[in-house]
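Enquirer: This is the structure, below, for whatever I ask next.
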Amino acid sequence: MKILKEFALGILWAALTPLLLVVIAVVAVFAIGNFFYEFVLMVIHFFQGKKLFPPFEEDIKAYKILKRSIEEEQKKEEAKPAPAGPVYVQANYFTGTPPGMPPFPGDPRIGNPSSPYGVPPSVPPVQPPPIENREVPAIENKEGGDDQ
């Protein structure tokens, strides 16, 4: 019985192989034809100055929705009243001298009690540690060592 099943499968594959090859050939011809069609279409669009890949319909709808929402936001901004006077934005990154550092020379806030920052505390200038004059022993190269 097993021999009959394998024989039937062999006949089935023998009958379906030409059909499978025909399907593969049709798909290949369609793919090559589509390639040449798209190539010619893109060359024509290139020389006309159009986009090579036009946007999808969904992209156009999304762009219109986005544009409409931006216009609504702009209308809301235009409807707001203008401020009463000029607004000055001051970017004050440094509110004083860093701790442990002497005040900056020419700082107008130094000694000015009316400054909103107050009078900075007097900080003694930071002195580097003294350098000791020590003699460094010379390293002698002994002959016959491992350094050669």
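The values are calculated or read from the model by the stated rules, or taken from the named source; none is laboratory data. In this text the structure is predicted, and so the values were computed from the model without any measurement. Methodologically, a virtual Cβ is constructed for each residue, glycine included, from the backbone with ideal geometry; neighbour enumeration extends over all protein chains shown. What goes into the accessible areas is simple: the full protein's heavy atoms, side chains included, and nothing from ligands, DNA or RNA. Shrake-Rupley method; radii C 1.70, N 1.55, O 1.52, S 1.80 Å.
Enquirer: I'm trying to understand the selection: among the residues of segment 52-85, which are outside any helix (DSSP H, G or I), open to solvent by 100 Å² or more (accessible area, probe 1.4 Å) and either β-branched (V, I, T) or at pLDDT 85 or above (or both)?
Expert: So in segment 52-85, the residues outside any helix (DSSP H, G or I) come out as 52-56, 80-85.
Still in the running and open to solvent by 100 Å² or more (accessible area, probe 1.4 Å): 53, 56, 80-81, 84.
Answer for segment 52-85, where residues must be outside any helix (DSSP H, G or I), open to solvent by 100 Å² or more (accessible area, probe 1.4 Å) and either β-branched (V, I, T) or at pLDDT 85 or above (or both): just F56.
Enquirer: Could you tell me whether segment 18-29 includes any residue that is at pLDDT below 90 and either surrounded by 10 or more Cβ atoms within 10 Å (Cβ to Cβ) or in contact with a helix residue (DSSP H, G or I) (Cβ under 8 Å, 6 or more places away or on another chain) (or both)? Break it down stepwise before answering.
Expert: Let us first name the residues in segment 18-29 that are at pLDDT below 90, namely none.
No - not one qualifying residue is present in segment 18-29.
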